[in-house]
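> Structure incoming, see below.
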Amino acid sequence: MTLQLIATMFATVSLTSCSNNGSVGNSSATGWKINGKKDGFQYNTNYNGQETPIGMVEIEGGTFTMGRLQEDVMGEWNNMPTQQYVQTFYMDETEVTNMMYTEYLYWIKQVYPTSEPQYRGIYQAALPDTLVWRNKLGFTETLTNTYLRHPAYADYPVVGVSWIQANDFSKWRTDRVNEINLEKAGFLKKNAKTKEAYGEQSFSTDAYLNAPSKSYGGNEDIVFKGVRNKAKDGQKNVYLTQESGLFTPEFRLPTEAEWEYAAIGRKSSREYNNVKGRTKYPWGSEDTRTSSRSTKGDHLANYKQNRGDYGGIAGWKTDQGAYTTPVKSFPPNDWGLYDMAGNVAEWVADVYRPTINSEDNDINYFRGNVYTKNVIGPDGTVQIVQSDVVYDTLPNGKLRPRTLPGQVEKALVNEGDVFLRTNINSDNAIAYKDGNYNNPQNTVSYDNNGNIIGQYDETERTSLISDQSRVYKGGSWKDRAYWLDPATRRYMDQYLATDFIGFRNAMSKIGTSKTKKKPRG
């Protein structure tokens, strides 16, 4: 169902009245009318399926061999092949660009202005680390000063973003898309999202679904019950709910399995119910160069071709840039995804472990689950974070707001929540059947002037892996061709950032996992 149809359904008729008598039928359970003019139960019985989000492509799920199939010249043992199944999902066709990320920074500055001391840290926590471009033996100060904000780099992938920052951007994107959907459907005041949002008086999807009267700080001039002045009798005092089908699932980082599947899942390698094989690179070849007559010899991704060679010779450039290149500079793979190898490597959601535990789960594999619940306030509804922002200190000394004002306060699930459950038994499944690693425990503190005092762990440690180690995939502009193979995997702590890692978003497809087939002809 398109957004225009949804808006028409809610704004001009009523919530879900889809027939002349105000009902689409009776309940199979009770016989009561559904969507009647005088009945309370409203449900979107006209839902026609999830629409592909703007900027994304649909990836039809299926089975695949995750990991390295060819002989591994590097002798890596962390990408052994295993059979997995991935559910249908959506993925950004390109990496998140500088322009997309600066829109996020603009919004934060407007809603949580840095002129207010209690909000100043929110903007600082979201800023990419532009100093990642600095090189002890290279001149890169121009990139340090221009790469993020200059229009010349608007369509280049954002870098200097940690896994934590990428995750926060994804949550922000979810709220902004749902906010404009509600506005178009007539449940939020027009343009309040830019003119009246401030601090805790801002929109959160979780807050609206769990306590809509608390959205925008409880401002009823912004959050409407029903479509203002257009709702029919019996439907004036209702808020939009999940039953409407209007809310989009969350934008998020793709899991490692999803990312690898999307990178290697060439449609040409499938036949009926068989997989005919897999080529080395996402463009369906064992070679890094194109064989097309017009572009013969050009490379098919932005990567380091040789020592001291990042883009070919003058007059015969092979990848358009010495560092990163604009998104869509190279042909997409069969799914319509760009830069699934090269340009920048990409964060995925998973916590890193050397092996994939396929014996315990072989569908939608993901390591990194931490289970939370909403905090319930004295009034029996969810508790919304107010202006007093709580900041966590990251291991590198930087501050990060635990939850933004206007959002629902979260807490870890407790023993009572998991008691006698057969599927989970704690609030954290990161180390499930793989234990904790003996990694360095560095400490950070501050002096009286607010300067960081960092102390390295000088004791003997046996591993650099921790529960904060996150996987990144795909190779980058500064990597050799080996890392362009989607099966390769590396890791970095979630609070660190570099000049060669970016990210893109994914979204689960709800309902049927089968894609709509295009008509022949």
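> Would you check which residues across region 54-67 are in a loop (DSSP other than H, G, I, E, B) and open to solvent by less than 20 Å² (accessible area, probe 1.4 Å) and list them? Even if it seems obvious, please write down each step before you answer.
Initially, region 54-67 is screened for residues in a loop (DSSP other than H, G, I, E, B), giving 54-55, 60-61, 67.
Result: 61, 67.
> Separate question: Considering region 137-176 alone, what residues qualify as being open to solvent by 40 Å² or more (accessible area, probe 1.4 Å), among the basic types (Lys, Arg) and farther than 22 Å from residue 493 by Cα?
Selection gives 149 alone.
> Mind checking whether some residue in region 448-465 is in contact with an Asp or Glu (Cβ under 7 Å, 6 or more places away or on another chain) and either under 20 Å from residue 66 (Cβ atoms) or in a strand (DSSP E or B) (or both)?
Within region 448-465 (the criterion being in contact with an Asp or Glu (Cβ under 7 Å, 6 or more places away or on another chain) and either under 20 Å from residue 66 (Cβ atoms) or in a strand (DSSP E or B) (or both)), the answer is yes, since at least one residue qualifies.
> Quick one: is residue 428 surrounded by 11 or more Cβ atoms within 10 Å (Cβ to Cβ), touching a Phe, Trp or Tyr at 6+ places or on another chain (Cβ under 8 Å) and either farther than 30 Å from residue 257 by Cβ or not hydroxyl-bearing (Ser, Thr, Tyr) (or both)? Don't jump to the end; show me each part of the working.
On the way: surrounded by 11 or more Cβ atoms within 10 Å (Cβ to Cβ): yes; touching a Phe, Trp or Tyr at 6+ places or on another chain (Cβ under 8 Å): yes; either farther than 30 Å from residue 257 by Cβ or not hydroxyl-bearing (Ser, Thr, Tyr) (or both): yes.
So residue 428 passes the test.
> Now for a separate question. I'd like the full set of residues that are in a loop (DSSP other than H, G, I, E, B), at pLDDT below 90 and open to solvent by less than 50 Å² (accessible area, probe 1.4 Å), limited to region 72-92. Break it down into steps so the answer makes sense when it comes.
Keep residues of region 72-92 that are in a loop (DSSP other than H, G, I, E, B), which gives 72-81, 87-88.
With the extra rule that they be at pLDDT below 90, the set shrinks to 72-81.
72, 75, 78, 79, listed by residue number.
> Moving on to the next point. Can you tell me which of 116, 51, 95 is open to solvent by less than 30 Å² (accessible area, probe 1.4 Å) and of a type in the set (Asp, Glu)? Full working, then the answer.
Values: 116 fails: open to solvent by less than 30 Å² (accessible area, probe 1.4 Å); 51 fails: open to solvent by less than 30 Å² (accessible area, probe 1.4 Å).
So the residue among 116, 51, 95 that is open to solvent by less than 30 Å² (accessible area, probe 1.4 Å) and of a type in the set (Asp, Glu) is 95.
> How many residues are open to solvent by 80 Å² or more (accessible area, probe 1.4 Å) and of a type in the set (Asp, Glu) if we restrict to region 433-458?
1
> Next question, about the same structure. Can you name the residue in region 320-334 that is over 16 Å from residue 154 (Cβ atoms) and surrounded by fewer than 20 Cβ atoms within 10 Å (Cβ to Cβ) and, of all such residues, is modelled with the highest pLDDT?
First, the residues of region 320-334 that are over 16 Å from residue 154 (Cβ atoms): 322, 330-334.
Still in the list and also surrounded by fewer than 20 Cβ atoms within 10 Å (Cβ to Cβ): 322, 331-332, 334.
Values: 322: 82, 331: 87, 332: 91, 334: 88.
Ranking the qualifying residues of region 320-334, first place goes to 332.
> Can you find, within region 119-136, the residue that is farthest from the chain's Cα centre (by Cα) among those that are open to solvent by 60 Å² or more (accessible area, probe 1.4 Å) and charged (D, E, K, R)? Spell out the reasoning first.
The first filter runs over region 119-136 and keeps only residues open to solvent by 60 Å² or more (accessible area, probe 1.4 Å), leaving 120, 124, 131, 134-136.
Checking the rest, the ones that are also charged (D, E, K, R) come to 120, 134, 136.
Numbers: 120: 25, 134: 28, 136: 33 Å.
Ranking the qualifying residues of region 119-136, first place goes to 136.
> Further question: Yes or no: residue 389 touching a residue at least 12 places away in the same chain (Cβ under 8 Å) and within 20 Å of residue 126 (Cα to Cα)? Show your work before the answer.
Numbers: touching a residue at least 12 places away in the same chain (Cβ under 8 Å): yes; within 20 Å of residue 126 (Cα to Cα): yes.
Yes; evaluated as a whole, the condition is true for this residue.
> Now for a different question. For region 403-415, how many residues meet the condition of being surrounded by 13 or more Cβ atoms within 10 Å (Cβ to Cβ) and either acidic (Asp, Glu) or in a loop (DSSP other than H, G, I, E, B) (or both)?
7
> When you look at residue 418, is it open to solvent by less than 50 Å² (accessible area, probe 1.4 Å), more than 30 Å from residue 454 (Cα to Cα), in contact with a Lys or Arg (Cβ under 9 Å, 6 or more places away or on another chain) and not hydroxyl-bearing (Ser, Thr, Tyr), yes or no?
Numbers: open to solvent by less than 50 Å² (accessible area, probe 1.4 Å): yes; more than 30 Å from residue 454 (Cα to Cα): yes; in contact with a Lys or Arg (Cβ under 9 Å, 6 or more places away or on another chain): no; not hydroxyl-bearing (Ser, Thr, Tyr): yes.
Against the criterion (open to solvent by less than 50 Å² (accessible area, probe 1.4 Å), more than 30 Å from residue 454 (Cα to Cα), in contact with a Lys or Arg (Cβ under 9 Å, 6 or more places away or on another chain) and not hydroxyl-bearing (Ser, Thr, Tyr)), residue 418 does not qualify.
> Please determine, by comparing only the residues of region 45-93 that are aromatic (Phe, Trp, Tyr) and within 21 Å of the chain's Cα centre (by Cα), which one is farthest from residue 244 (Cα to Cα).
The first filter runs over region 45-93 and keeps only residues aromatic (Phe, Trp, Tyr), leaving 47, 64, 77, 85, 89-90.
Remaining after also requiring within 21 Å of the chain's Cα centre (by Cα): 85, 89-90.
Working: 85: 30, 89: 21, 90: 21 Å.
Ranking the qualifying residues of region 45-93, first place goes to 85.
> Would you be able to tell me the number of residues in region 180-208 that are in a loop (DSSP other than H, G, I, E, B) and either of a type outside the set (S, T, N, Q) or open to solvent by 10 Å² or more (accessible area, probe 1.4 Å) (or both)?
Residues of region 180-208 that are in a loop (DSSP other than H, G, I, E, B), as a first pass: 185-187, 189-191, 196-197, 199-200, 202-204.
This time we only want the ones that are either of a type outside the set (S, T, N, Q) or open to solvent by 10 Å² or more (accessible area, probe 1.4 Å) (or both), so: 185-187, 189-191, 196-197, 199-200, 203.
Residues that pass the stated criteria total 11.
> Got a number for residues in region 364-386 being in a strand (DSSP E or B), open to solvent by 40 Å² or more (accessible area, probe 1.4 Å) and in contact (Cβ under 8 Å) with a residue 12 or more places away in the chain? Show your work before the answer.
Within region 364-386, the subset in a strand (DSSP E or B) is 370, 372-374, 376, 382, 384.
Still in the list and also open to solvent by 40 Å² or more (accessible area, probe 1.4 Å): 370, 372-374, 376.
Within this subset, residues satisfying the condition of being in contact (Cβ under 8 Å) with a residue 12 or more places away in the chain are 370, 372-374.
Residues in region 364-386 being in a strand (DSSP E or B), open to solvent by 40 Å² or more (accessible area, probe 1.4 Å) and in contact (Cβ under 8 Å) with a residue 12 or more places away in the chain: 4 in total.
> Among the listed residues 201, 242, which satisfies the condition of being over 30 Å from residue 492 (Cα atoms) and either within 21 Å of the chain's Cα centre (by Cα) or modelled with pLDDT under 90 (or both)? Break it down stepwise before answering.
Working: 201 fails: either within 21 Å of the chain's Cα centre (by Cα) or modelled with pLDDT under 90 (or both).
Selected residue: 242, the only one of 201, 242 that is over 30 Å from residue 492 (Cα atoms) and either within 21 Å of the chain's Cα centre (by Cα) or modelled with pLDDT under 90 (or both).
> For residues that are charged (D, E, K, R), open to solvent by 40 Å² or more (accessible area, probe 1.4 Å) and within 17 Å of residue 367 (Cβ to Cβ), tally how many sit in region 459-489. So that I can check it myself, show each step before the final result.
Narrowing region 459-489 to residues charged (D, E, K, R): 460-461, 467, 470, 473, 478-480, 485, 489.
Filter again for open to solvent by 40 Å² or more (accessible area, probe 1.4 Å), leaving 460-461, 467, 478, 480.
Restricting the remaining residues to those that are within 17 Å of residue 367 (Cβ to Cβ) gives 467.
The number of residues fulfilling the criteria is 1.
> Could you grab the pairs with beta carbons closer than 8 Å, sequence gap of 6+ or different chains, first residue in region 408-427 and closer than 29 Å to residue 216 by Cβ, second one assigned to a helix (DSSP H, G or I)?
Qualifying pairs under 8 Å: 408/206; 408/207; 408/210.
The values are calculated or read from the model by the stated rules, or taken from the named source; none is laboratory data. Keep in mind that this is a model prediction, so the values were computed, not measured. Neighbour counts run over all protein chains shown; Cβ positions are idealised from the backbone, glycine included. Just the protein is used for accessible areas: all its heavy atoms, side chains included, with ligands, DNA and RNA removed. Shrake-Rupley method; radii C 1.70, N 1.55, O 1.52, S 1.80 Å.
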